[in-house]
Amino acid sequence: MKEKDELIGKQFGNWTVLSYQGKDKNNKHIYLCKCNCKRKTERTVGRYELLNGRSNSCGCTRGQCFVKDLTGQKFGKLTVIKKYGHRNNKITWLCKCDCGNDYITTGELLKQGQTKSCGCIKRTNKYIFKNYYIIGITEKGERFYFDIEDFKKVNQYTWYVKPDDYIEATDKNGNTVSLHRLVMDAKKNETVDHKNHGVNDNRKRNLRKCTVSQNQMNKKKQKNNTSGVVGVSWFPTRNRWVARISANKKRIVLGYFKNFDDAVKVRKEAEDIYHGEFAYKNNDDIRFKKVVK
């Protein structure tokens with residue numbers, strides 16, 4: 001068999017090589033390949049990319065392909081029986097709990113140790129009752145806050161803190177439950193905003209239903225923000241500070257300023273005009289550390 005044909009029929013990642021297609025404009029050998037995902041995408045791929053693993057799928061591997069098979073593995077009291085399906089672009093697994101119950105959850109929650117049983121394990125959250133609110137404590141000692149009136153619904157789950165500090169739990173069907181959405185009875189198409197940016201503070205005084213656009217208005221400073229103020233940045237081409245704001249799906253340039261304080265002032269005035277009650281409070285960008293009595 002000629003060297004150019006030796007790859008036909010072989011599999012490289014999720015690609016199966018169908019035929020040799022000659023050379024591309026760069027004089028490189030290319031092959032028609034078919035991806036083994038649900039889309040069955042066909043595409044020409046270079047010989048070098050196939051052999052060196054630089055191309056292993058149509059792009060589906062960023063989502064649901066090449067997931068490590070967890071079948072037979074045990075996580076806490078759960079033994080993985082088989083792959084079950086997909087939920088929110090994540091693989092779900094059917095598990096058998098030591099108590100005999102079947103349970104469906106994601107591989108992510110299993111590997112992170114967030115899900116260890118079907119729910120039969122005694123809940124690990126502790127609660128401290130105050131006058132008007134409750135302090136919840138995870139098994140890792142992390143604190144979160146909610147109103148006393150929500151205790152009955154909150155106590156149905158075991159809560160944990162995600163890497164982004166949001167408070168979440170998993171129901172018996174393996175679905176993710178967010179604390180702020182639970183206490184606000186939010187529907188799928190509704191967005192819930194944390195007023196003070198402290199996502200561990202889930203008292204109703206700190207929550208409000210809003211649109212996606214309104215939620216973005218109250219978005220905290222990004223990690224790449226160097227000015228310390230949302231909407232104000234240095235514009236080197238003009239050697240000025242520029243103030244911007246987004247409203248009605250448009251990016252509005254408020255002006256260019258030699259003085260930083262002038263740019264901040266204009267930005268703050270624009271927040272009151274365009275964002276109203278959802279105006280971002282630059283001085284409030286702190287995690288909720290203690291509850292105000």
**Checking ASN89 against (1) among the polar types (S, T, N, Q); (2) at pLDDT 85 or above; (3) closer than 18 Å to VAL177 by Cα, the condition it does not meet** = (2)
**Asked** Are there any strands (runs of 3 or more DSSP E) wholly within the range 1-57 with 1 or more residues that are of a type in the set (Asp, Glu) and within 26 Å of LYS68 (Cα to Cα), and if so which?
**Response** 42-46
**Message:** Going residue by residue through the range 92-104, is there one that turns out to be touching a His at 6+ places or on another chain (Cβ under 9 Å) and either surrounded by 18 or more Cβ atoms within 10 Å (Cβ to Cβ) or without any contact (Cβ under 8 Å) to a residue 12 or more places away in the chain (or both)?
**Reply:** yes
**Message:** Exactly one of these conditions fails for LEU78: (1) modelled with pLDDT of 85 or more; (2) over 21 Å from THR176 (Cα atoms); (3) touching a strand residue (DSSP E or B) at 6+ places or on another chain (Cβ under 9 Å). Give me its number.
**Reply:** (2)
**Request:** Select from the range 11-27 the residues that are surrounded by 12 or more Cβ atoms within 10 Å (Cβ to Cβ) and either among the charged types (D, E, K, R) or on the phi < 0 side of the Ramachandran plot (or both) and list them in ascending order.
**Result:** GLN11, PHE12, ASN14, TRP15, THR16, VAL17, LEU18, SER19, TYR20, GLN21, LYS23
**Prompt:** Residue check: is GLU49 buried (at least 17 other Cβ atoms within 10 Å of the Cβ), under 38 Å from the mean Cα position of the chain (by Cα) and of a type in the set (Asp, Glu)?
**Reply:** yes
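The values are calculated or read from the model by the stated rules, or taken from the named source; none is laboratory data. If you're wondering where the values come from, they're calculated on a predicted model, not measured in any experiment. We place every Cβ from the backbone using ideal geometry, glycine too, and count neighbours over all the protein chains shown.
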